[in-house]
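Here the structure is laid out as structure tokens; the discussion comes afterwards.
The values are calculated or read from the model by the stated rules, or taken from the named source; none is laboratory data. All values derive from a computational prediction rather than experimental measurement. Using ideal geometry, Cβ is built from the backbone for each residue, glycine included, and neighbour counts are taken over all protein chains shown. To get the accessible areas, we keep the full protein, side chains included, count just its heavy atoms, and leave off ligands, DNA and RNA. Shrake-Rupley method; radii C 1.70, N 1.55, O 1.52, S 1.80 Å.
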Amino acid sequence: MNPFEAPKPFPGTPVLPWPQGSPPPPLPPGKAGIAIRVRRARFDTPNFHRARVVGVDDQPLWHGLDRAVAVTDPGSHLVEVRNDTGAESVRLVRATAGEITEWHMWSPASAGRVPGVLVPAGSPRRRPGAGLWGFFAGMAALAAGPLLLAPETRAGRIAMVFYMLLIVPVTIVVWSRAKAAIDHRYRVAASTEAQAPPADAAFLAHGDVPPGLAGTGHGVLLLTGDLRVSYTQDGRDVLVRPVTDPNAWVPWPTLTIDGTARPFAWHNWAYRLPPGPHELLVTPKPPAHTGANPTITTTPVRVRVDIRPGETTHLRLTVHATVAVVSDPPAPVHTTSLTAFTATVESAPQH
């Protein structure tokens, strides 16, 4: 294993190393383990060797590639993997005392922004992303041009020129769009949380609202949580937000519906509500690893929704956050102090 890619725990976090090919580490008495393996392939270009940051219950624990074990209490935990843009995959993991539950996170195989998905280690899995198949399909279509057109005529030669110029990019775009739709269906199917018995508040991961949640006496509010972060270090905008900085981990916002606190995080959540108008209050939260007297500005948003019996109302909530930090040399590892944090919430109905 490349030492630069090895998992690196954040200071003070309960993480145990578990390199590939080695036996699982012993757990403390009464504790459970959740192992996340961030996978990639040997032939990937450096563009795909993106490190991730892994967190449990909204606490960043380690960053890098390969595999490490988060030590937790037994029970259900929200495990998430974030990349340099936001929360890539969030799953509900049930941990058992004395056991290590292993999940795999594949790096996308596409040149575009194709998110991966956390799946149990023992389940069938495939790499999301279009890979190189779109390029190969485009080259095959390019080679088939002389067989499909008649270049011996002037009109045929003109058609051949346009064909040669357009067929490869068009084929790649069509293949990528088709593969993205297939990957979306795969992420929905892999989200077994949505197949659990209906509850008044249910985490669905990437899945859809399960049948039976809406009824004649109530409706369903489907909330999709999303995160967009701008990161500034030492006065300079950083386009690729580093996963190595715990100050870049923006916590989940708090949510109340009609004044009652409700669980909420990123991706899809479903709430069974009585028909009629309801008011949501969504409040962003700053990073937990704050510096000395940072400037914190968070703007809550109030959203009114009308719930109709037997129907699902879909709303997307996007937290737009700006994180400003300064470097903290000297230190044995690179650290930062939070100097400013601003966040707002954008709400938009989904159709």
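Averaged per residue, what accessible area in Å² does the chain show with a 1.4 Å probe, protein chains only? Could you put the intermediate results ahead of the total?
On the way: 17470 Å² over 351 residues.
Per residue, the chain has an accessible area of 50 Å².
Can you give the helix-only mean residue ellipticity at 222 nm for the chain, where every DSSP H stretch with n ≥ 4 adds -39500 (n - 2.57) and the sum goes over all residues, rounded to the nearest 500 deg cm²/dmol?
-5000 deg cm²/dmol
Quick one: how many Å² of residue 314 are accessible to a 1.4 Å probe, rounded to 10?
Using a 1.4 Å probe on the heavy atoms, I get roughly 50 Å².
As I understand it, the value is the acute angle between the Cα axis of helix 154-190 and the longest principal axis of the Cα atoms of the chain; what does it come to in degrees, rounded to 10?
For 154-190 against the chain, the angle is about 30 degrees.
Leaving ligands, DNA and RNA out of it, rank 167, 307, 158 by accessible area with a 1.4 Å probe, largest first.
158, 167, 307
Sort the following peptides by mean Cβ neighbour count (other Cβ atoms within 10 Å, averaged over residues), highest first: 70-76, 273-279.
In descending order of packing, they fall as 70-76, 273-279.
If you take the alpha carbon radius of gyration of the stretch 58-98 and divide it by 2.2 N^0.38 Å, what ratio comes out, to two decimals?
Rg over 2.2 N^0.38 Å, computed on Cα atoms: 1.24.
Carbon and sulfur together cover what percent of the accessible area of the chain at a 1.4 Å probe radius?
For the chain, the apolar C and S fraction of the accessible surface comes to 62 percent.
Going by average Cβ density within 10 Å per residue, which order do the peptides 228-235, 54-61 take, highest to lowest?
Ranked from most to least packed, the peptides come out as 54-61, 228-235.
With everything on Cα atoms, drop me the angle between helix 133-143 and the longest principal axis of the chain, reported from 0 to 90° to the nearest 10.
With both axes taken from Cα atoms, the answer is about 10 degrees.
For the stretch 157-249, rounded, prolate or oblate, judged on the Cα gyration tensor with a ≥ b ≥ c (square roots of eigenvalues), a/c < 1.5 rounded, else prolate if a/b > b/c?
Oblate shape, in that a/c is at least 1.5 and b/c is the bigger or equal ratio.
Which ³J(HN,Hα) values, rounded to whole Hz and listed in residue order, are derived for the stretch 87-92 from phi using the Karplus coefficients 6.51, -1.76 and 1.60 in 6.51 cos²θ - 1.76 cosθ + 1.60 with θ = phi - 60°, glycine and proline given as x?
Rounded to whole hertz, the list is 7, 7, 8, 10, 9, 8.
Return the long-range amide H neighbours of residue 36 (sequence gap of 5 or more, or a different chain), with a cut-off of under 5 Å between placed amide H atoms.
Long-range HN contacts for residue 36: 68, 70, 103.
Taking amide H positions as placed in the peptide plane 1.01 Å from N, state which residues far from residue 214 in sequence (5 or more) or on other chains have amide H under 5 Å from it.
Correct list: empty.
When the Kirkwood radius is taken over all Cα pairs of the stretch 208-336, what Stokes-Einstein diffusion coefficient follows at 37 °C and 0.692 mPa s, in µm²/s?
Rounded, D is 196 µm²/s.
Based on the Kirkwood radius over alpha-carbon pairs, what value in µm²/s does the Stokes-Einstein equation return for the translational diffusion coefficient of the chain at 37 °C and 0.692 mPa s?
In µm²/s, the coefficient is 145.
Under 5 Å between amide H atoms, partner at least 5 residues away or on a different chain: which partners does residue 87 have, H built in plane at 1.01 Å?
227
Assuming R0 = 41 Å, can you tell me the calculated FRET efficiency for the pair residue 279 and residue 238, based on Cβ-Cβ distance, to the nearest 0.05?
Details: r = 37 Å, r/R0 = 0.90.
For R0 = 41 Å, the calculated efficiency reads 0.65.
Using each residue's phi in the stretch 304-313, evaluate 6.51 cos²θ - 1.76 cosθ + 1.60 at θ = phi - 60° and report the 3J(HN,Hα) Karplus result to the nearest Hz, with x for Gly and Pro.
9, 10, 10, 9, 10, x, x, 10, 10, 9
Report the dimensions of the stretch 253-318 along its three principal axes from the alpha-carbon atoms, largest first, rounded to Å.
For the stretch 253-318, the Cα extents along the three principal axes come out at 50, 20, 18 Å.
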